[in-house]
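*Asks:* Structure below; questions to follow.
The values are calculated or read from the model by the stated rules, or taken from the named source; none is laboratory data. Bear in mind that the values here come from a model prediction, so they are computed numbers and not experimental data. Backbone-built Cβ (ideal geometry, glycine too); neighbour counts: all protein chains shown.
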Amino acid sequence: MFKKLFAATTLSALMIAPQALGEDAHAGMPFGAKALEIYKTAVEMKSTKNHGETPKLARYLAAEFEKGGFPASDIHVAEVAGTAVLIVRYRGDGLSGKRPISISAHMDVVEAKAEDWVRDPFTLIQEDGYFFGRGTADDKLGMTSVTVNFLRLKAEGWVPNRDLIIAFSGDEETGMRSTRTLVNEFRELTDSEFVLNADAGGATVTLDGSTPASFRMQAAEKTYASWEITVTNPGGHSSRPRDDNAIYELAEALINIRNHKFPVRYNDLTRTFFRGTGAKTSGDLGKAMARFAADPTDEWAVKTLRADPSFVGTTGTTCVATQLRGGHAQNALPQSAAATINCRIFPGIGLAEIKTTLERVIGNKDVTFKSVYDSTATDPSPLRADVLAALQKAVDNKFPDLEIIPFMSSGGTDGKHFRAAGIPSYGVNGGYHRANDVNAHGLNERILVQTFYDNLAHWYVLLKAIAG
Ligand SMILES: [Zn+2]
């Protein structure tokens, strides 16, 4: 994902002066100005693990809810795990007789180094039809939209037929300890029939604005796991090299991991996803999806899908080296060398099985393993007619009759902690992005200005449909 979006030459050729925020056709939409104010404030608060401004953001949002007419007794900010959670209950009239629905998003963002970015990551900049800034997509887009629609619906006097509960986490991008707190310690505040997650879902739009292939609703996710693998060695003077060397042994282990392909896996959800998406995707990729859906043992289909970073993770478990450390001096033989291996494990496969596979693939008993992430494995959430119907209304608002296709995230979201606690979760954000535009976690994160306003309208329709 760490890809420079513009080469220096392209940039100077483009050199478009930044626009004033809100200088566009959407400024007049109900609560459009309020939405922009909250979005700008949120993006400009450094809610990263190191900067630690997530509690400040939670308190700011809480104050907005109070100003918006939500009773203080229904707004809860709690500082947990060095960050914060925010819970807000929108009381319904109970006429549906149904249990509450939780709405999940996260307030924290991935770290951003200003010196690496073209623009300051913690200033919301509107330029060339985009909003730039850390979190513009992930997930201050979803967080803002849910917040503003609570405020708008309240101001309009709307009363849902069941309670709606905002459950915003504060460390989704790092430990997800706050998410577990939301689900477990604050269960009496967040207990609900299911979760709508504003941190997943959406469609890929084209430059000409034509109808996308499908809307993707997240209904499952892979298990996130990380191991640190280490080789140690007595070391010595570098003028006296020996055959045994911690860095070389680690390098061999890493090459073996690179060369290993995990077996093909599939479930009903991924096959349905490939069948639906394949029918609407042109070229070899579309053909490969259709063939995989029909026969997951089709070698050409597997090879073609696995050559595409967007789909390799949907065909099985992946493990990749992400961090590296080793040696202590220029002129010393290394006493240790270590690497982080990050795996995204297909639902239904245990962590132990993946670790055993990695040990076998490495084939060196001197390489030690240490788990560096507390993993949570979950099953797919069962598809629900009520969620699909409400979501279809919201999707139709932008792209009439666009087909909704459930999918499995290769990345992880808060949804897994709700699923693990027995609360199904559905990623339903109206994230309409151009391919390769979002750059979530990477440099120069941006979203289309149009998408920001589309997502506001999306949640407005969705909330009214699911609880109206
Ligand atoms: Zn996110």
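*Asks:* If the requirement is being assigned to a loop (DSSP other than H, G, I, E, B), in the same structural domain as L462 (by TED's automatic domain parsing) and farther than 30 Å from R91 by Cβ, which of these qualifies: E185, E173?
*Replies:* Among E185, E173, only E173 is assigned to a loop (DSSP other than H, G, I, E, B), in the same structural domain as L462 (by TED's automatic domain parsing) and farther than 30 Å from R91 by Cβ.
*Asks:* For residues that are in contact with a Lys or Arg (Cβ under 8 Å, 6 or more places away or on another chain) and part of a loop (DSSP other than H, G, I, E, B), tally how many sit in segment 135-158.
*Replies:* 3
Results for (1) surrounded by fewer than 21 Cβ atoms within 10 Å (Cβ to Cβ); (2) outside any loop (DSSP other than H, G, I, E, B), shown as yes or no for each residue.
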position: G28; (1), (2): yes, no
position: S47; (1), (2): no, no
position: Y60; (1), (2): yes, yes
position: E64; (1), (2): yes, yes
position: A84; (1), (2): no, yes
position: S102; (1), (2): no, yes
position: A105; (1), (2): no, yes
position: V110; (1), (2): yes, no
position: P121; (1), (2): no, no
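*Asks:* Counting only residues that are surrounded by fewer than 24 Cβ atoms within 10 Å (Cβ to Cβ), outside any helix (DSSP H, G or I) and small (G, A, S), how many does segment 427-462 have?
*Replies:* Residues flagged as surrounded by fewer than 24 Cβ atoms within 10 Å (Cβ to Cβ), outside any helix (DSSP H, G or I) and small (G, A, S) within segment 427-462 amount to 3.
Condition check ((1) out of contact with any helix residue (DSSP H, G or I) (no Cβ under 6 Å at 6 or more places or on another chain); (2) away from the ligand (no atom under 16 Å from the Cβ)) across all residues:
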site: V183; (1), (2): no, yes
site: E188; (1), (2): yes, yes
site: V195; (1), (2): no, no
site: F215; (1), (2): no, yes
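*Asks:* Going by what's in this entry, would T179 be described as within 16 Å of the ligand (Cβ to nearest atom) and farther than 21 Å from S410 by Cβ?
*Replies:* Working: within 16 Å of the ligand (Cβ to nearest atom): yes; farther than 21 Å from S410 by Cβ: no.
The answer is no for T179.
*Asks:* Which residue pairs have Cβ atoms closer than 6 Å, lie 6 or more positions apart in sequence or on different chains, and pair a first residue in segment 320-335 that is surrounded by fewer than 16 Cβ atoms within 10 Å (Cβ to Cβ) with a second residue that is modelled with pLDDT of 95 or more and among the hydroxyl-bearing types (S, T, Y)?
*Replies:* Filtered contacts from segment 320-335: T322/T340; Q323/T340; N331/S238; A332/S238.
*Asks:* Additional query: Please note which helices (runs of 4 or more DSSP H) are completely contained in segment 238-341 and include at least 1 residues that are among the hydrophobic types (A, V, I, L, M, F, W, C) and modelled with pLDDT under 95.
*Replies:* Numbers: elements: 246-259, 268-278, 283-294, 299-306.
Answer list for segment 238-341: 268-278.
*Asks:* Of all residues in segment 194-222 being crowded, with 24+ Cβ neighbours inside 10 Å and assigned to a loop (DSSP other than H, G, I, E, B), which is farthest from the chain's Cα centre (by Cα)?
*Replies:* Result: K222.
*Asks:* A follow-up question, please. Cβ-Cβ under 6 Å, sequence separation 6+ or interchain: first residue in segment 179-204 and among the aliphatic types (A, V, I, L, M), partner away from the ligand (no atom under 16 Å from the Cβ) and in a loop (DSSP other than H, G, I, E, B). Which pairs?
*Replies:* Sorted first by the residue in segment 179-204, then by its partner, the pairs are V183/A421; V195/I423; A203/P212.
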